[in-house]
Every structure is written in C-alpha cells, then in structure tokens.
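Read-outs throughout are calculated quantities, based only on the coordinates presented, and are distinct from any laboratory measurement. Given the structure is predicted, the values throughout are model-derived calculations rather than measurements. As a convention, Cβ positions derive from the backbone with ideal geometry for all residues, glycine included, and neighbour counts pool all protein chains shown.
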C-alpha cells in the first residue's frame, strides 16, 4: 500500500517563523529592560538613602554625647612644613573621622587615637595630613568604608588599592557660604573649621536645614573633566557672582568642563578640604563645581551636590530625615554675591532661593515646600 505524500507533515520552523520569534523576543527585551534598570536604580537610591540615614544617626548620637556636632575639619596642629606632614594633620581631619565609633567603626577609631609605628614612621594620635599620599601608610584610613559609598556612583568598581585611602560619596554642607567656606569660623551652616555647633544654633529648624548630601567621586574614569564629579579650578569672582562657574561648562558638550580641572571630589574620606568633600547650596544640584582662583592653592568655591540618581540628589537634614531634592529646585539669583562680609550676615536671608535657605541654619528665612 502506497503512502500519500500529502499526509506527511513537515516538522520545525521556517526561516521566516524563526525571524518573527527573534523579533518578538527583541521587542519584549526592549520593553522590559528600562523597567529592570529603573528597578535597579530604585534599589540603589534606597540604599543611598539608608546610608545617609545611618550617617544622620551617627551625627545625632555624637550630639547626644558631646552636645554639639563635629566640626567640618579639626584635629592636631604643628608648623606648616613638608617634614611635619606625618606629625600632625594641620586641623584638616574630616568629620567622618571623629564620627567613626558612631557608625560601627570603633576599631578604626581606636587606631586613630593610638600611636602607631609603620616601618620607619611613627604616627601620633589623630595621625598625619591625610591629603594625597601623605597619609598613605596610616592604617586607620586605609581601605574602603562601605557606608561612605553610594551604590549608584559605581566607584566601588574602581576602588583604590587596599593600602590607599578610601573614597566618600557623602559630604557635609557649607550652606550658601562661598568665600573661604572650609576655613569658616562663622559658618552659615552647622559645620565650619574648628567650630562645633549644636541644635541650639539651628534656629531655622533642624527639619529646614541641610546637614549633608552626596557627590560623585572625581577620581574614577574620566570624571575629573565632567560636570558631575569634576571641579573647574582657578575660577576668580565666585563669591561675587557664583553663576560665573557656568562659563566653565563646555558649550559643545554640556556634561564636560573646560580649562584646568581637578578630580579630587570624594577621593579622600578623611581629608577635610572643600574641594575634596563639602557641598554648597548655591548652584543647583548636578550643577558645575568651581574652585577659586585668588591664589595658587585656592580651594574654597561652589560645590553643588551631584549624583547618578535621575533628576536630583538625596540630602540629609539636620533632624535626621533624608529628602530627595530636584535639580530644578528654586535657586533665586545665582549671580548675586554671597551673604558675607556684612555685620550679622549669619542671620541674613539667602539670595539663592529655597535651595540657599535650606543651607543656612539661622538666616531667619521661611522655607517653602520643596
């Protein structure tokens, strides 16, 4: 008996059917990928928020013990000389160092307060000048403290060697002070040089005053040339017209800076210079950073916080809460001079809108919702 050829069925896909299936899969991936990426960023932003809350808790616990917040920079002093860089820190120890025992880094703090000998160098308590390589051999600052990194930054993929100082994404606030902000003994914010302020000084209200925010590490990839992460150096006139910083943004590529640039932002977690860590509430979040040009070693300037979170940054308020601030927040007149050099300036209204008012602790301003 003969079999009919018509009764036989072909098995498998034709080329056209295969291409259709591949196209459908590609479309589904294209539709789902943004949602997956958004979910991952939401998780990273949540972790960043939690990090800031932990640092806020550390600030509050420190205040409970001492009645004040730590100074922006403090420490030991000795005559300025390169031979002394290992004998004292010149009062530039960042606030994250005395806060160590309040965010579960007691072992590091015990090393900080001890005399340590490494090779031929004997480090006194509170250690050496932690800028660049001077503090490289001092054990307490070596390695990365996980709490000081925001997962959205991506800097964890390019961490320094274990014997080098770790990064920080989190910076205390100078408020709307520009001139000599990291050396200020009469700060607009709760944090100045060798100045210890407490809740009693925050008359604008702790829920209306920024304590800290975030910034991308400038030492990784090509960020030293980027608006988010880099610093345009040697810019004169900043305290009289902060908007001049925008002239350092490349007109052909708005994500890049021009001229001499630095990549020190967040590079040294224990070093208390403005161009390393510290934020201002003058230019808006994700705006350009500029250091002054009034002298060869000029480090004060405008340093807005920045992040890889879409549309803005996380900020830690003095009451311990964390808020997300949009990069489009009201900044008033950014071409106005800073409120400095005037009697009673610490109680003056900020010219930099809601953003500036959030930075001052005793300006007497009414802060609108943000």
* Asked: Exposure proxy check: 22, 145 ranked by fewest other beta carbons within 10 Å?
  -> 22, 145
* Asked: How far apart, in nm, are two points set 7 Å out from the Cα along the Cα-to-Cβ line at residue 41 and at residue 19?
  -> 3.5
* Sort the stretch 69-195 into rounded, prolate or oblate with this rule: let a ≥ b ≥ c be the square roots of the eigenvalues of the Cα gyration tensor; rounded if a/c is under 1.5, and if a/c is not under 1.5, prolate when a/b is larger than b/c, oblate otherwise. => oblate
* Structure fact -> Restricting to Cα pairs under 8 Å and 6 or more apart, the percent relative contact order of the stretch 177-297 works out to 28
* Structure fact -> A chain fully extended from residue 319 to residue 161 at 0.36 nm per residue, minus the present Cα-Cα distance, gains in nm 53.3 nm
* When a footprinting reagent is the concern and you count Cβ atoms within 10 Å, what order do 40, 357 take, fewest first? -> 40, 357
* Given the options 293, 166, 127, which has the most mean-square fluctuation in a GNM of the chain, springs set between C-alpha atoms less than 10 angstrom apart? -> 293
* Taking the chain as a Gaussian network, where each spring joins two C-alpha atoms under 10 Å apart, which residue of 179, 134, 123 fluctuates the most? -> 134
* Fewest Cβ neighbours within 10 Å first, please rank 80, 355, 262 accordingly. => 80, 262, 355
* To do: With springs connecting C-alpha atoms under 10 Å apart, model the chain as a Gaussian network and identify which of 222, 89, 180 has the largest mean-square fluctuation.
  => 222
* Asked: residue 61 to residue 328: extension gain in nm, 0.36 nm per residue of separation minus the Cα-Cα distance?
  -> 92.8 nm
* Asked: For the pair residue 80 and residue 109, how long in nm is the line joining their label points, each one 7 Å along Cα→Cβ?
  -> 3.1
* State the extension gain, in nm to one decimal, for the chain segment bounded by residue 368 and residue 240, taking 0.36 nm per residue of separation less the distance between their alpha-carbons. => 43.5 nm
* Rel. contact order, % - alpha carbon contacts under 8 angstrom, at least six apart, the stretch 75-183 -> 20
* Structure fact -> In degrees, nearest 10, the alpha-carbon axis of helix 15-66 is tilted away from the dominant principal axis of the alpha carbons of the chain by 20
* Asked: Any idea what the relative contact order of the stretch 241-370 is, in percent, if you count C-alpha pairs under 8 Å spaced at least 6 apart?
  -> 20
